[in-house]
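Each remark here refers to the structure printed beneath this line.
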Amino acid sequence: MASQTRAPIALSPTPVRRTYRGGANIRRLLGDPAPVVSDTPEEWVCSVTPAVNPGFPVIDGEGLSKVAGPGSTTLRDLVRADPAGLLGPDHSRRFGDQTALLVKLIDAAERLSIQVHPDKAFAAAMLGSPFGKTEAWYILGAQPVDGVEPYLLFGFKDGVTRQRWAELFWQQDIDGMIDCLNRITPQPGQVFLIEAGTPHAIGAGCFLVEAQEPTDFTFRAEWTRADGSRIDDKLIHQGVGFDKVIDCFAFGETAAARVRRNTMIAPRVVRDDAAATVRTLLDESDTDCFAMQEIVVRTTLQCEGDGRFSALVVLSGEGAIGFDGGQTPVTAGHQFFLPAGLDSFQLVNTGSGDLHVLRCLPPRVG
């Protein structure tokens with residue numbers, strides 16, 4: 001049998017509660033014959049990051065991915081036992097037993113609150129973390145809800161000042177805050193990079209994969225949910241106080257430059273032939289936080305490990321991951337942690353249609 005550091009590690013689904021509702025598309029992807037909207041609109045993939053959910057009943061270990069099969073072993077347990085073997089020696093020398101990556105499936109049945117995430121400097125100074133929360137979205141689906149076209153709120157419009165935003169924040173003028181942000185109608189296949197400090201909100205009807213730095217730090221500009229109920233204060237300001245929320249937002253030319261640079265990152269095709277199509281969605285030329293690849297396999301594709309571990313999400317189709325020592329079957333909804341020691345592997349299509357997967361990688365080190 002192949003060593004744990006040289007074989008795919010299958011993970012169980014990891015639903016996470018949030019302050020908004022959704023998740024039916026996630027349940028459908030996972031094979032639920034009767035998916036419904038619920039308070040678990042997110043699925044966390046390859047997660048060693050606990051969810052922060054004050055105001056909710058406590059669920060021990062919420063947000064931590066578990067190894068598929070019997071028992072309750074988490075991916076965090078495995079990584080802590082052998083960080084160099086699973087994450088790679090270069091990665092573990094820099095980050096220890098932290099993956100430096102979190103992947104999510106997000107399915108919104110209602111608009112998320114307007115929010116912002118801290119950068120590394122703010123997170124280090126105020127939250128004691130080496131990671132902020134820059135993130136990226138790969139749009140899987142976008143459908144109207146109650147006659148309203150799906151949308152994203154992304155970045156400040158020109159001319160929004162710190163003073164104006166602070167006034168709207170303290171007044172809780174939600175319509176005013178929405179009017180300060182750019183509204184975008186997303187399409188499946190599009191990619192958006194949301195640097196820490198950029199205001200944003202996902203609208204109802206959006207289904208996406210998110211890659212991000214591995215924290216659950218969200219500062220909310222809105223203090224209530226869609227149903228009007230109050231959000232726990234810690235979920236608004238992460239315990240550092242309301243006065244610090246405004247400090248997380250980037251204003252002026254910095255904000256305008258981010259909108260110009262990050263609205264719809266153009267994917268790059270790196271392979272397109274009879275066997276497969278591979279697109280780089282994001283890499284180090286876009287951000288130093290993570291990388292994303294979209295892979296469509298028609299027959300068989302040889303993949304290289306690149307000295308890094310990766311998270312693999314199967315979006316559609318049927319097939320297998322072949323490796324030295326065995327073969328693991330895959331189908332839509334399956335998720336895998338591919339250790340850094342898995343130097344090479346094959347993605348094999350065994351179904352009647354394409355095998356469609358998304359691969360996310362941590363920051364490159366060394």
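The values are calculated or read from the model by the stated rules, or taken from the named source; none is laboratory data. Everything numeric in this text was worked out from a predicted model, so none of it was measured. Neighbour counts run over all protein chains shown; Cβ positions are idealised from the backbone, glycine included.
Overview of values
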read-out: Pairs, first outside the structural domain of D32 (by TED's automatic domain parsing) in segment 329-350, second surrounded by fewer than 24 Cβ atoms within 10 Å (Cβ to Cβ) and among the basic types (K, R), C-beta under 7 Å, six or more apart; value: P339/R6; A340/R308; G341/R6; L342/R6; N349/R298
read-out: Test: R268 is in contact with a Gly (Cβ under 9 Å, 6 or more places away or on another chain) and basic (K, R); value: no
read-out: Residue satisfying all of: in segment 184-223; β-branched (V, I, T) and in contact with a His (Cβ under 7 Å, 6 or more places away or on another chain); nearest to P54 (Cα to Cα) among these; value: T218
read-out: Number of positions in segment 157-216 that are farther than 15 Å from V245 by Cβ, more than 20 Å from the chain's Cα centre (by Cα) and among the small types (G, A, S); value: 2
read-out: Residue in segment 59-77 that is farther than 25 Å from L347 by Cα, within 22 Å of the chain's Cα centre (by Cα) and assigned to a helix (DSSP H, G or I) present; value: yes
read-out: Single unsatisfied condition, A123 versus (1) among the small types (G, A, S); (2) touching a Ser or Thr at 6+ places or on another chain (Cβ under 7 Å); (3) not in a helix (DSSP H, G or I); value: (3)
read-out: Qualifying positions in segment 178-232 - basic (K, R) and out of contact with any Phe, Trp or Tyr (no Cβ under 9 Å at 6 or more places or on another chain); value: R220
read-out: All positions within segment 1-39 that are free of Cβ contacts under 8 Å to residues at least 40 places away in the same chain, more than 21 Å from L102 (Cα to Cα) and part of a loop (DSSP other than H, G, I, E, B); value: D32, P33, A34, P35, V36
read-out: Among (1) surrounded by fewer than 23 Cβ atoms within 10 Å (Cβ to Cβ); (2) within 18 Å of I178 (Cβ to Cβ); (3) small (G, A, S); (4) at pLDDT 95 or above, the one test that A108 misses; value: (1)
read-out: Residue check, I321 crowded, with 24+ Cβ neighbours inside 10 Å, out of contact with any Asp or Glu (no Cβ under 6 Å at 6 or more places or on another chain) and among the β-branched types (V, I, T); value: yes
read-out: P70 being without any contact (Cβ under 8 Å) to a residue 60 or more places away in the chain, over 19 Å from D306 (Cβ atoms) and either not small (G, A, S) or not assigned by TED's automatic domain parsing to the domain that holds A166 (or both); value: yes
read-out: The lone exception for A100 - which of (1) touching an Asp or Glu at 6+ places or on another chain (Cβ under 9 Å); (2) outside any loop (DSSP other than H, G, I, E, B) it fails; value: (2)
read-out: Meets criteria (in contact with a Pro (Cβ under 9 Å, 6 or more places away or on another chain) and surrounded by 20 or more Cβ atoms within 10 Å (Cβ to Cβ)) for L342; value: yes
read-out: Lone unmet requirement of (1) within 30 Å of Q98 (Cβ to Cβ); (2) among the polar types (S, T, N, Q); (3) assigned to a strand (DSSP E or B); (4) free of Cβ contacts under 8 Å to residues at least 40 places away in the same chain for S285; value: (3)
read-out: Options G128, G71; residue that is surrounded by fewer than 19 Cβ atoms within 10 Å (Cβ to Cβ) and either more than 30 Å from G241 (Cα to Cα) or modelled with pLDDT under 95 (or both); value: G71
read-out: Qualifying strands (runs of 3 or more DSSP E) (wholly inside segment 141-248; at least 1 residues being charged (D, E, K, R) and surrounded by fewer than 21 Cβ atoms within 10 Å (Cβ to Cβ)); value: 181-184
